[in-house]
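Participant: This is the structure I have questions about; it appears just below.
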């Protein structure tokens, strides 16, 4: 049986990475506002942050495969929707409306 990690160092490093990614996001938004590639960069940052949270704070790697895969899909939906909205906005909005 795999046991949860009780060390604080990995959590602290993950938290530092989340803070750094947030600061990078702020810098990208301030300096490259309106750039065509910015939405893709933000989507990648969102995916990395979600993966970090799932792995280090939720410990999804210890969950059964079904839950782990559901969480992976859940984390992937937001960046995918962000990119689809950025590049195919009106068409994607019509498709996604209820």
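Only the coordinates and a few stated rules stand behind these numbers; no lab work does. Since the structure is predicted, the reported quantities are computational estimates derived from the model, not experimental observations.
Participant: Relative to the first principal axis of the alpha-carbon coordinates of the chain, what is the inclination of helix 65-87, with its axis defined by its Cα atoms, in degrees from 0 to 90 and to the nearest 10?
Facilitator: Relative to the chain, helix 65-87 is tipped by roughly 20 degrees.
Participant: Once both axes come from the Cα atoms, what is the angle between helix 9-31 and the longest principal axis of the chain, in degrees from 0 to 90, rounded to 10?
Facilitator: 10
Participant: Please give the contour-minus-distance gain from residue 30 to residue 67: 0.36 nm per residue of separation, less the Cα-Cα distance, rounded to one decimal in nm.
Facilitator: 9.6 nm
Participant: Continuing with the same structure: Output needed: percent of Cα pairs per 10 Å distance bin for the chain, bins running from 0 to the one holding the longest distance.
Facilitator: For the chain, the pair-distance distribution reads 14, 35, 31, 15, 4.
Participant: How far is helix 38-52 tilted, in degrees, relative to the longest principal axis of the Cα atoms in the chain, given as a value from 0 to 90 rounded to the nearest 10?
Facilitator: 20
Participant: Continuing with the same structure: Using only helices, what value at 222 nm comes out for the chain when you add -39,500 (n - 2.57) per DSSP H run of length 4 or more and divide by the total residues, to the nearest 500 deg cm²/dmol?
Facilitator: Only helices count here, giving -23500 deg cm²/dmol.
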